[in-house]
Amino acid sequence: MDGVARPPAPADHLPQSVEVDRRAVSEDESRRANGPEWDRYADEYQATHGEFLGDIGFVWGPEGLTEAAAGALGEVAGRRVLEVGSGAGQCSRWVTHRGGTGIGVDLSLRQLQHSRRIDEETAVQVPSTQATATALPFRDATFDVVFSSFGALQFVADLDLAVAEVARVLRPGGRFAFSITHPTRWSFPDDPGPDGLVASQSYWDRTPYVETDPGTGTVTYVEHHRTLGDWVGLLAQHRFHLVDLLEPEWPEGHERVWGGWSATRGRLTPGTALFVADLLP
């Protein structure tokens, strides 16, 4: 899991040096903001969440649903598997450990440096490269599986191009699986407490969430919202057949708080959506 996103947050939950806005943002502006942001955040992210993720581990979201339990990718042994938004490569390393060929791409150089560190510590190698989801550096039809665990997709403005790129590099009949912040969460503040259970804005408002440095006016973080219908329609447009849509329930006894994800909210409303689709021949 590369990184759990943060849907609309109340201003008092953010550093004073960040201003929050909802406005249109281009693909270039999104990329220039999110790459450096993940470089800055990578060390803290791995220190805070690395144990939960596991060096050779595959979780689909803060609820802790594992790929071993979900089986969203299908059989990985003997298959070429691409992770888009791979972070430190934990999920791809799990794939490789089970006989597949896991390969990662990520926008953040610092995250990829952590991936190399864990490669050396575990002796399980994940070839990784710095790239964006809208321009995957691979030939057509070279992968059996493409997946993204809270990775690049919700940080991309031009999602149509990103999904087209996945379809391009997949072989016919290949599997595409990805987890994102559950779209219904965008109606609520990003608050793990009771206030996060009170709807505060329209689910159908697709205006991106933007954080800006007030001193320079530089956009420092961007996240894009789409509805469930948007995601399903986009998959169909690119010849994907939806196989499953999982909404993991919050497990009993799981008290970990991760941003806006918590037992308080998770017992009442979904926080993660996991799409599973196959590319039609």
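Go through region 9-104 and name the trypsin sites (Lys or Arg not before Pro) that are in a DSSP coil and have 13 or fewer other Cβ atoms within 10 Å of their Cβ.
Values: sites: ARG22, ARG23, ARG31, ARG32, ARG40, ARG79, ARG80, ARG93, ARG98; in loops: ARG23, ARG79, ARG98.
Answer by residue number: ARG23.
Tally the DSSP beta bridges in region 11-279 and give the antiparallel ones as a percent, rounded to 5. Walk me through the numbers on the way to the answer.
Details: 23 of 40 bridges.
Taking every DSSP beta bridge with both residues in region 11-279, the antiparallel ones total about 60 percent.
With both bridge residues required to lie in region 43-184, what share of the DSSP beta bridges run antiparallel, to the nearest 5%? Before the final figure, lay out each step's value.
Details: 1 of 18 bridges.
Antiparallel: roughly 5 percent of the beta bridges in region 43-184.
For the chain, find the longest principal axis of its Cα atoms and tell me its angle to the long axis of helix 228-237, 0 to 90°, nearest 10.
For helix 228-237, the angle is close to 30 degrees.
Evaluate E = 1/(1 + (r/R0)^6) for SER202 and GLN113, where r is the Cβ-Cβ distance and R0 equals 30 Å; express this FRET efficiency to the nearest 0.05. Let's see the in-between values first.
Numbers: r = 40 Å, r/R0 = 1.33.
In this case the efficiency is close to 0.15.
Once you place label points 7 Å from the Cα toward the Cβ at VAL18 and TYR41, how far apart are they in nm?
0.6
Taking Cα atoms, how many degrees apart are the long axis of helix 159-169 and the longest axis of the chain, rounded to 10 and kept between 0 and 90?
Roughly 10 degrees, rounded to the nearest 10.
Specify the angular offset, from 0 to 90 degrees and rounded to the nearest 10, of the alpha carbon long axis of helix 27-53 from the longest principal axis of the alpha carbons in the chain.
80
For the chain, set up a GNM with springs between Cα atoms under 10 Å and report which of GLU29, GLU83, GLU121 has the largest fluctuation.
GLU121
Over the Cα atoms of region 128-256, what Rg and Dmax result, in angstrom?
Radius of gyration, then largest Cα-Cα span, for region 128-256: 16.9, 50 Å.
Per 0.36 nm of contour for each residue apart, how much would the distance between LEU234 and GLU249 grow if the chain were fully extended, relative to their Cα-Cα spacing?
Working: separation 15, 0.36 × 15 = 5.40 nm, distance 2.54 nm.
Going from the current span to full extension adds 2.9 nm.
Provide the per-residue ³J(HN,Hα) series for region 117-125, in order, calculated from phi with Karplus coefficients 6.51, -1.76, 1.60 and θ = phi - 60°, each as a whole number of Hz, with x at glycine and proline positions.
Calculated HN-Hα couplings, in order: 4, 5, 3, 5, 6, 9, 6, 10, 8 Hz.
Can you tell me which of ALA68, ALA164, ALA33 moves the most in a GNM of the chain? Springs connect C-alpha atoms under 10 Å apart.
In this elastic network of the chain, the residue with the biggest mean-square fluctuation among ALA68, ALA164, ALA33 is ALA68.
Name the shape class, rounded, prolate or oblate, that the alpha-carbon gyration tensor gives for the chain, where a ≥ b ≥ c are the square roots of its eigenvalues, rounded holds for a/c under 1.5, and otherwise prolate holds if a/b is larger than b/c and oblate otherwise.
Rounded, since a/c falls under 1.5.
Rank these for me by crowding, ASP39, ASP191, going from fewest to most other beta carbons within 10 Å. Present the calculation step by step, with values, prior to reporting the outcome.
Details: ASP39 16, ASP191 21.
If I rank by nearby Cβ atoms, fewest first, I get ASP39, ASP191.
Given only helices, namely DSSP H runs of n ≥ 4 each adding -39500 (n - 2.57), what is the per-residue ellipticity at 222 nm of the chain, to the nearest 500 deg cm²/dmol? Don't skip to the answer; put the middle values down first.
Numbers: 7 runs with 78 residues, N = 281.
That comes out to -8500 deg cm²/dmol.
How big is the dipole moment of region 132-273 about its Cα centre under a simple scheme where the beta carbon of each Lys and Arg is +1, that of each Asp and Glu is -1, and everything else is neutral? Debye, nearest 20, please.
Roughly 460 debye for region 132-273.
Using a simple spin-label model with points 7 Å from Cα along the Cα→Cβ vector, what separation in nm is obtained for ALA123 and GLU51?
Taking the simple label geometry, ALA123 and GLU51 are separated by 2.5 nm.
Have a look at SER202, SER148, SER108 and tell me which one the Gaussian network model of the chain (Cα, springs below 10 Å) gives the largest fluctuation.
SER202
Based on the Cβ-Cβ distance of ASP28 and HIS97, what FRET efficiency does E = 1/(1 + (r/R0)^6) give at R0 = 45 Å, to the nearest 0.05?
That pair, ASP28 with HIS97, gives E of 0.75.
If you take every residue apart from ILE56 with its C-beta less than 11 Å away from the C-beta of ILE56, what net charge results, scoring Lys and Arg +1 and Asp and Glu -1?
Values: positive: ARG93, ARG98; negative: ASP55, ASP119, GLU121.
My count for the surroundings of ILE56 gives -1.
Please report THR264, THR129 as a ranked list, fewest other C-beta atoms within 10 angstrom at the top and most at the bottom. Can you show the working numbers first?
Details: THR264 17, THR129 13.
Fewest to most other Cβ atoms nearby, the residues stand as THR129, THR264.
Stretch ASP160-HIS241 to full length: gain in nm at 0.36 nm per residue minus the Cα-Cα span?
Length gained, ASP160 through HIS241: 27.6 nm.
Any read-out appearing in this document is the output of simple, stated calculations on the displayed coordinates, not a laboratory observation. Keep in mind it's a predicted model, so treat the numbers as computed, not measured. All Cβ positions, glycine included, derive from the backbone under ideal geometry; neighbour counts span all protein chains shown.
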